[in-house]
Amino acid sequence: MSVGGAVELKPDLTAALQSSNKNGRVNKRRYLKMISQVFILSSKGDHLIYKDFRGEAGCDAVNKFYELVTTLAGDQPPVVMKHKELHYVHIRQGGLYWVATTKADSSPFTIIEFLNRLTALIKDYCGNLSEKSVRVNFALIYELLDEMVDFGYIQTTSTDVLKNFIQTEAVSSKPLSLFDLSNVGLFGADTQQNKVAPSAAAARPIMSSRGDQGGKNEIFVDVIERMSVVIGANGVLMKAEIEGEIKVKCYMPSCSEMRIGLNEEFSIGKSQLRGYGAAVRVDECSFHQGVRLDEFDTYRILKLCPSQGEQTVMQYHLCDDLPTAPPFRLFSSIERDTVGRLLIYLKLRCDLPPKSAAINVSIAIPVPKGSLSLSQELSSPDQSAELQPQNKAVHWEIPRFPGGAQLSALFKLEVPGLSSASLQEVGSISLSFELPKYTCTGLQIRFLRLSPIQPAASQRWVRYVTHSDSYTIRI
């Protein structure tokens, strides 16, 4: 497959597919070498799909691949790797690893093209690429693989051909949404609102989830994001996912229309490029049925007729492609001292901008079962830590963590019968925190305008906050 880092280029998949017969099946197998296995893994290494076409490699090849990608140094593992006689070729899309293995001297470009077409097919059938969509459509994916590959030889990747053979119906993994702009085009493409909502629907006020709270003459717009991150032991970002929403809390006695302006550079999907500033991108976006989008394509303005109370106006999702570095980076060292105590040294760095800060930071460090006591050395007096034997963890609390700062802690644990196996019980570290006045996507509210103009003085508030949904660092 490769010699001295050079890759031998052989006829690609396109040439092979062009030599197919009338039924769309490839006859000239001389173009295509054999694929031993195809499997799909989550960012955490969970086995989602596994198909063995030739029986040349065992199931342990899956675990070996994940071990390779998580232990190699560097931000991105190589697309082509080799272990013993087995070649691994993989791509990463939708936060998942799409992997094919082969023992033949195949062109990696052919297999990469096959994997790309496989992901495109699954996206066509299932609507999106995500761990959830793969899990709920596993029967469909196995049926696709059966038709696409025969004993390791690629037969076809044509949607027109496959639709004649595929019987399994796709299961939607996305919640019902009136406005799904995951495929919105650039500057004025259709927003699908004419397909799903009657003209009178946009004029209806959003129903309030609270009772009447008039008299305050206030309005709040909250941009709330929740992030899930997994960072490998080598510091490589393995998973990053952000779920965001814009909420409006309206306590105005009268307001017929509200206009919310978002970043002009806000884009949906990887193909969009808007404006001249730094792009603010999300993968998917959906809106409440009461939001009017006639100015959204061009000016990124949301229009709605709010009722008093709280309502979610917009929801969005971003996966794997964070515009900035994750907010926290951890450096760790675990060893046993001369008197038999377990020493855990942690250095935590906050990679937020200098003017930002994280609050209510809590770090949970798993410790061996039977740990009796804890002594600690913390880098600042406002920190605290305690051993919780019932949870087999040490909890390190930091009330405020400024951006650009670095804090450290040394924990000394008395563990009876401490052994090498006990050291392995110090597992992945979990963080929980809150980032006020900060969004990881960079989404901002440009303006908030009300009409008609309010006769009395009104208070308008825009608030930003990011919460940790799941933030795991492996050590």
Practice task
Sort out which residues of region 37-62 are under 24 Å from ASP320 (Cβ atoms) and in a loop (DSSP other than H, G, I, E, B), and write them in order of number.
Solution key: SER42, SER43, LYS44, GLY45, ASP46
Practice task
Please identify the pairs in which a residue from region 330-344 that is within 11 Å of VAL426 (Cβ to Cβ) has its Cβ atom under 8 Å from the Cβ atom of a residue that is of a type in the set (Ser, Thr, Tyr) and part of a loop (DSSP other than H, G, I, E, B), counting only partners at least 6 apart or on another chain.
Solution key: LEU342/SER371
Completion exercise
Given (1) free of Cβ contacts under 8 Å to residues at least 12 places away in the same chain; (2) part of a helix (DSSP H, G or I), PHE65 misses just (1)
Exercise for the section: Starting from residues that are out of contact with any Asp or Glu (no Cβ under 9 Å at 6 or more places or on another chain) and surrounded by 21 or more Cβ atoms within 10 Å (Cβ to Cβ), keep the ones in region 325-351 and report whichever is farthest from ILE242 (Cα to Cα). Expected result: LEU346
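Okay, residues lined up against (1) in contact (Cβ under 8 Å) with a residue 60 or more places away in the chain; (2) hydroxyl-bearing (Ser, Thr, Tyr):
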site	(1), (2)
GLN93	no, no
THR102	yes, yes
PRO108	yes, no
LEU118	yes, no
ASP160	yes, no
Exercise for the section: Mind telling me which of the residues ALA279, ALA200, ALA240 ends up being at pLDDT 75 or above and open to solvent by 50 Å² or more (accessible area, probe 1.4 Å)? Expected result: ALA279
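If you check VAL79, VAL62, VAL99, which single one turns out to be crowded, with 18+ Cβ neighbours inside 10 Å, within 19 Å of ILE154 (Cβ to Cβ) and either out of contact with any strand residue (DSSP E or B) (no Cβ under 8 Å at 6 or more places or on another chain) or aliphatic (A, V, I, L, M) (or both)? Quick ask: steps written out before the conclusion?
Working: VAL79 fails: crowded, with 18+ Cβ neighbours inside 10 Å; VAL62 fails: within 19 Å of ILE154 (Cβ to Cβ).
Of the residues listed, the single one that is crowded, with 18+ Cβ neighbours inside 10 Å, within 19 Å of ILE154 (Cβ to Cβ) and either out of contact with any strand residue (DSSP E or B) (no Cβ under 8 Å at 6 or more places or on another chain) or aliphatic (A, V, I, L, M) (or both) is VAL99.
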Fill in the blank from the handout: Exactly one of ALA120, ALA139 is exposed (fewer than 15 other Cβ atoms within 10 Å of the Cβ), assigned to a helix (DSSP H, G or I) and over 21 Å from the mean Cα position of the chain (by Cα), and that one is ALA139
Exercise for the section: Output the residue which, of all residues in region 282-310 that are modelled with pLDDT under 90 and assigned to a strand (DSSP E or B), is farthest from LEU322 (Cα to Cα). Expected result: GLY309
Problem - Among (1) over 26 Å from GLU265 (Cα atoms); (2) open to solvent by 30 Å² or more (accessible area, probe 1.4 Å) - the single one TRP461 does not satisfy - result: (1)
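Residues are listed down the side, and each one gets a yes or a no for (1) farther than 26 Å from CYS350 by Cα; (2) in a strand (DSSP E or B):
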{"position": "SER375", "(1), (2)": "no, yes"}
{"position": "HIS395", "(1), (2)": "no, yes"}
{"position": "SER422", "(1), (2)": "yes, no"}
{"position": "TYR438", "(1), (2)": "no, no"}
{"position": "THR472", "(1), (2)": "no, yes"}
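In the list ASP212, ASP222, which residue meets the criterion of being modelled with pLDDT under 80 and acidic (Asp, Glu)? Steps first, answer last, please.
On the way: ASP222 fails: modelled with pLDDT under 80.
When all the criteria are applied, what remains is ASP212.
The values are calculated or read from the model by the stated rules, or taken from the named source; none is laboratory data. Quick caveat, the model's predicted, so the values are computed rather than measured. Cβ atoms come from the backbone with ideal geometry, glycine included; neighbour counts cover every protein chain shown. Just the protein is used for accessible areas: all its heavy atoms, side chains included, with ligands, DNA and RNA removed. Shrake-Rupley method; radii C 1.70, N 1.55, O 1.52, S 1.80 Å.
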